[in-house]
1. From the residues in region 412-466 that are of a type in the set (Asp, Glu) and not in a helix (DSSP H, G or I), which one is surrounded by the most Cβ atoms within 10 Å (Cβ to Cβ)?
2. Would you confirm, using the coordinates I've provided, whether Cys355 is closer than 13 Å to Ser385 by Cβ and either modelled with pLDDT of 95 or more or buried (at least 22 other Cβ atoms within 10 Å of the Cβ) (or both)?
3. If I ask for residues that are assigned to a helix (DSSP H, G or I), under 10 Å from Ala363 (Cβ atoms) and of a type in the set (S, T, N, Q), which ones from region 387-405 would you list?
4. Test Glu694 against the criterion of being of a type in the set (Asp, Glu) and surrounded by fewer than 17 Cβ atoms within 10 Å (Cβ to Cβ), and give yes or no.
5. Check region 721-736 and report whether any residue there is at pLDDT below 85 and not in a helix (DSSP H, G or I).
6. Of (1) farther than 26 Å from Leu223 by Cα; (2) in contact with a Lys or Arg (Cβ under 6 Å, 6 or more places away or on another chain); (3) of a type outside the set (Lys, Arg), Ala126 satisfies all except one. Which?
7. Out of the residues in region 170-211 that are polar (S, T, N, Q) and part of a helix (DSSP H, G or I), state the one that is farthest from Phe146 (Cα to Cα).
8. If you go through region 40-53 one residue at a time, do you hit one that is over 30 Å from Leu128 (Cα atoms), of a type in the set (Ser, Thr, Tyr) and surrounded by fewer than 18 Cβ atoms within 10 Å (Cβ to Cβ)?
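The values are calculated or read from the model by the stated rules, or taken from the named source; none is laboratory data. Because the structure is a prediction, the values reported are computed rather than measured. Here the Cβ positions follow ideal geometry from the backbone for every residue, glycine too, while neighbour counts run over all protein chains shown.
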Amino acid sequence: MELLSMAEKSELESNTYCSVLQLCADLKSLKDGKKVHSVINSNDVVVDEALGSKLVFFYVTCGDLKDGRRIFDNMAEKKVFLWNLMANEYAKVGDYKESMSLFKKMVETGIELNSYAFSCVLKCLAALGDLTEGECVHGYLLKLGFARYNSVVNSLIAFYFKGKRVENASKLFDELSDRDVISWNSMISGYVANGLAEKGMEVFKEMLCLGIDVDLATVVSVLVGCANLGTLSFGKVVHGLSIKASFEGKLRFDNTLLDMYSKCGDMDGAFRVFEKMGERSVVSWTSMIAGYTRSGQSDGAIRWLRQMEREGVKLDAVAITSILHACARNGSLENGKDVHDYIKANGMDSNLFVCNALMDMYAKCGSMEDANSVFSQMTVKDVISWNTMIGGYSKNCLPNEALELFAAMIEEPKPDSRTMACILPACASLAALERGKEIHGHILRNGYSDQHVANALVDLYVKCGVLSLACLLFDMISSKDFVSWTVMIAGYGMHGFGKEAIATFNEMRNAGIEPDEVSFISILYACSHSGLIEEGERFFNIMRYDCNIEPKLEHYACMVDLLSRTGNLSKAYKFIERMPIEPDATIWGSLLCGCRTYLDVELAEKVAERVFELEPENTGYYVLLANIYAEAEKWEEVKKLREKIGRRGLRKNPGCSWIETKGKVNVFVAGDNSHPQTKNIESILKKLRRKMKEEGYYPKTKYALINADDRQKEIALCGHSEKLAMAYGLLRLPPNKTIRVTKNLRICGDCHEMAKFISKETGREIVVRDSNRFHQFKDGNCSCIGFW
């Protein structure tokens with residue numbers, strides 16, 4: 001540069017400027033190169049083809065594509081090398097369309113294309129996913145005779161693999177006579193990238209058998225395939241070959257090897273690789289953290305986070321979200337909060353992906369207050385942020401909050417199919433049929449034809465008591481998955497249609513979908529609520545011996561429930577005693593419910609002892625035993641239980657029922673007379689009581705649970721929440737409208753009788769969803785046929 005500035009114009013040749021520009025390009029010295037260009041301009045040097053090419057080369061090499069393009073466009077004569085250089089540089093920065101535009105100009109201006117031009121354009125088309133244009137280029141290069149060039153065919157193979165045209169890529173490879181290592185690597189990586197890792201492994205083995213030397217790209221692709229397949233033993237073989245080939249110590253190889261051990265579940269192997277690594281990147285640390293995440297070891301992931309902090313390595317968003325997923329899977333709220341502290345300390349709380357993962361972690365750990373705190377502080381929210389919150393509220397039994405947020409979302413980003421799949425369960429849990437129908441309409445108008453949405457819609461109508469519509473939607477699902485079948489089986493069970501549930505279960509197996517433990521819970525539940533004892537026992541045995549599924553507590557609970565509901569109390573007791581796993585309070589509680597139905601006080605006392613040992617704070621079981629004593633008119637025992645409850649400071653959950661009218665949910669609590677329509681409700685109930693007595697129906701005063709005269713008991717019964725909700729339905733809903741009531745507890749026997757009477761007397765259909773199942777009352781009958 002010093003000599004250049006000292007020289008006179010006449011003393012320098014064009015080649016001299018080219019030499020200095022080459023040196024500037026080699027050293028990536030944009031500043032010096034621009035000085036050279038300035039000297040060229042000030043000395044009025046004629047920029048011929050050679051000097052122009054060198055100027056373009058210098059600028060693009062130093063990253064100044066804009067000035068390089070300006071010079072390129074001003075040149076009259078340009079060789080194919082320069083066109084390729086510019087096209088390749090645009091491809092490098094991701095501007096594939098401009099690269100394609102240059103290729104088309106080359107063709108239009110009659111530039112004689114070479115193999116490099118075709119390789120470049122095929123890479124661009126692969127990145128753009130333009131299969132149609134790619135096939136045209138394929139035809140053009142065949143016409144010009146470039147199909148014999150390895151580099152072009154290798155690019156074609158990569159192009160077809162990228163476009164998921166596996167057969168086209170395989171055909172090209174099979175027809176290629178002179179294959180190089182890139183050809184083999186393209187096949188291996190292509191198969192692996194298309195989810196066909198087994199085929200990729202076969203190509204690798206063939207490559208070894210033919211004695212073709214592998215390179216770093218080969219073993220990296222093979223290790224990725226091993227990781228995807230979980231074939232640890234083969235991965236270890238490749239590791240051994242790589243040591244012999246001296247690939248160890250190369251960061252790309254070490255990271256891929258570490259990832260393979262981690263994804264195959266061998267964290268000891270991953271740790272040994274990590275320890276031996278001379279150079280580590282954040283990817284190395286992230287692979288270790290991801291391994292602990294996959295195995296659900298959030299404590300291990302947190303330890304690595306602390307280690308990274310000590311060594312001064314900063315986590316990226318990928319590592320942080322990986323740890324948060326581990327905490328979410330484990331339900332490790334405290335660990336998740338530690339990660340949150342790290343995020344705040346390192347200024348990562350403005351990262352959208354990190355915030356979304358944080359909300360997901362809090363939601364899955366049951367802390368919606370913390371999730372909402374993150375959500376409310378986010379300056380930028382995407383549809384995933386909203387979906388995470390709505391889904392979190394739904395899953396954490398906060399349906400009203402989910403619906404409120406959904407209403408706010410309509411004003412913000414456009415909901416997607418995932419939003420619909422998140423909000424529908426909230427409507428289902430509230431049995432908010434009208435609101436659910438509104439959302440169904442929104443789904444139809446916006447064309448959300450997603451499998452998750454279809455399943456959620458079936459579940460919605462099942463849980464809102466509209467089984468006929470659920471069946472119709474279920475039949476419309478062209479490709480039913482496992483969830484579709486299970487939702488329908490469970491739906492039939494909830495409504496007491498045991499035989500239909502069995503038929504659907506058999507249909508599912510005939511369709512080639514094998515049941516899992518959740519399916520068996522659904523079918524056993526259906527048998528229990530329809531009193532199908534033989535069928536239930538048969539399915540229990542099919543699960544154990546045909547499907548080799550070891551029963552869990554939920555399966556045993558279903559069997560105890562089935563035996564108890566059908567009056568086989570001693571058999572149920574013996575079944576529990578023979579269980580290979582320790583029974584929980586739910587199992588003993590099912591038997592206690594059976595004791596109440598069949599008024600076996602002696603067994604109830606024995607069973608209650610077991611329940612109270614397991615869950616001494618659960619008021620429901622004390623109340624259940626009190627019910628049994630009250631029905632047997634053992635008032636002294638009822639008094640003792642109530643005193644025991646009082647001493648323990650336990651409180652009974654009040655009976656609560658709700659009914660939806662004109663899009664509004666009306667809630668009724670047992671004994672509460674604060675509703676504006678209380679007088680009208682009481683008037684309707686009194687009239688109905690009077691008519692019931694006239695027709696020989698008398699109140700089942702044993703359900704009043706008080707030691708008083710029949711009149712006082714009758715007054716207490718009239719305040720039961722489901723009666724209040726049914727009476728309100730009679731007041732507010734049109735005569736042809738089904739009355740749909742949801743209750744948080746099991747419907748009482750007296751309310752059950754009254755619902756049957758109302759359906760007969762008024763000609764109205766009444767659907768009650770209690771904590772156990774659905775009751776559909778019509779013409780004085782109930783769908784439960786006594787199994788509730």
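1. From region 412-466, those of a type in the set (Asp, Glu) are 412, 416, 434, 438, 450, 459; that's our starting set.
If we keep only those that are not in a helix (DSSP H, G or I) too, we end up with 412, 416, 450.
On the way: Glu412: 13, Asp416: 17, Asp450: 15.
This residue is Asp416.
2. Numbers: closer than 13 Å to Ser385 by Cβ: yes; either modelled with pLDDT of 95 or more or buried (at least 22 other Cβ atoms within 10 Å of the Cβ) (or both): yes.
Answer is yes for this residue.
3. Within region 387-405, Thr388, Ser394 qualify.
4. Details: of a type in the set (Asp, Glu): yes; surrounded by fewer than 17 Cβ atoms within 10 Å (Cβ to Cβ): yes.
When the stated conditions are applied, Glu694 passes them.
5. Here is the first cut: in region 721-736, the residues at pLDDT below 85 are none.
No: region 721-736 contains no residue that is at pLDDT below 85 and not in a helix (DSSP H, G or I).
6. Ala126 satisfies every listed condition except (1).
7. So the first thing to find is which residues in region 170-211 are polar (S, T, N, Q), and the list is 170, 177, 183, 185-186, 189, 194.
Going one step further and asking which of them are part of a helix (DSSP H, G or I), we end up with 170, 183, 185-186, 189.
Details: Ser170: 18, Ser183: 16, Asn185: 21, Ser186: 18, Ser189: 23 Å.
For region 170-211, the residue satisfying everything is Ser189.
8. Of region 40-53, the ones over 30 Å from Leu128 (Cα atoms) are 40-52.
Right, trim to of a type in the set (Ser, Thr, Tyr) and you get 42.
Narrowing the set further to residues that are surrounded by fewer than 18 Cβ atoms within 10 Å (Cβ to Cβ) leaves 42.
Yes, region 40-53 contains a residue that is over 30 Å from Leu128 (Cα atoms), of a type in the set (Ser, Thr, Tyr) and surrounded by fewer than 18 Cβ atoms within 10 Å (Cβ to Cβ).
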